[in-house]
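Trainee: Pasting a structure here, questions to come.
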């Protein structure tokens, strides 16, 4: 009988430990999800930045080329 | 009584299985966190580099515009 | 009474089991999400390299044009 009581106590301890760890895991999962959202936003930001840069480069390229159409012609 | 013992055995196994699963999930969570950290660093790096590039292009744009103050003037 | 406690423990264990299943599903989803993000990152990096190359080309071109302008203008004045 004592043996059984001991066993029940052990189980209790294991159960409480598991419950704690599950809670902790839950918190971490929520944290990771929030982080993923933040990283997604950063990715979006970079994509926007890249298309801005591309636009700038295109107009700079255009400006440079129209400068070439000048008296000091380029045959190359 | 044997039936009862069998039942207890079953959930004892479930309890231990849970504890194992918690460990496994914990490892996976740690892995995701480490991966996220790396991703975060890479995104930061790209953002910094692109912002630098943007600064350079900005000043280049300024230079191009001042060169354009030629016959085909720019009042804008 | 002991039996009652064991029954409670059993219920809690089952509850834990189903919570762990949900957690596992969540973790799988996050792993997939991460994989998608990584492929987006790869695309971003390629694009970044292209932009950098293009920027260098434009800058070099700009520099050449500027120098030509300086070199030629005085001669033309004469």
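Trainee: Within 10 Å of each Cβ in C:44-56, how many Cβ atoms from other chains are there, averaged over the peptide?
Mentor: Per residue, the number of nearby Cβ atoms from other chains is 5 on average.
Trainee: Using the 2.2 N^0.38 Å rule of thumb for compact globular proteins, work out how the protein assembly as shown stacks up: its C-alpha Rg over that value, please.
Mentor: Taking N as the residue count of the protein assembly as shown, the ratio is 1.88.
Trainee: Follow-up. Within 10 Å of each Cβ in A:51-64, how many Cβ atoms from other chains are there, averaged over the peptide?
Mentor: Whole-number average of other-chain Cβ neighbours for A:51-64 is 6.
Trainee: Then there's this: When the Cα centres of the range C:1-49 and the range A:32-64 are compared, how far apart do they sit, in Å?
Mentor: Computed from Cα coordinates, the inter-centre distance equals 31 Å.
Trainee: Would you mind giving the three semi-axes, in whole Å and largest first, of the ellipsoid equivalent to chain C according to its Cα gyration tensor?
Mentor: Result for chain C: semi-axes of 74, 10, 5 Å.
Trainee: Give me the three principal axis extents of the range A:5-55 from the C-alpha atoms, as integers in angstrom, largest value leading.
Mentor: The principal-axis extents, from largest down, are 75, 9, 5 Å.
Taken together, the values in this text are just the output of simple stated rules run on the coordinates, not laboratory data. All figures in this text were calculated on a predicted structure; none of them were measured in a lab. Here the Cβ is made from the backbone with ideal geometry for all residues, glycine too, and neighbour counts use every protein chain on show.
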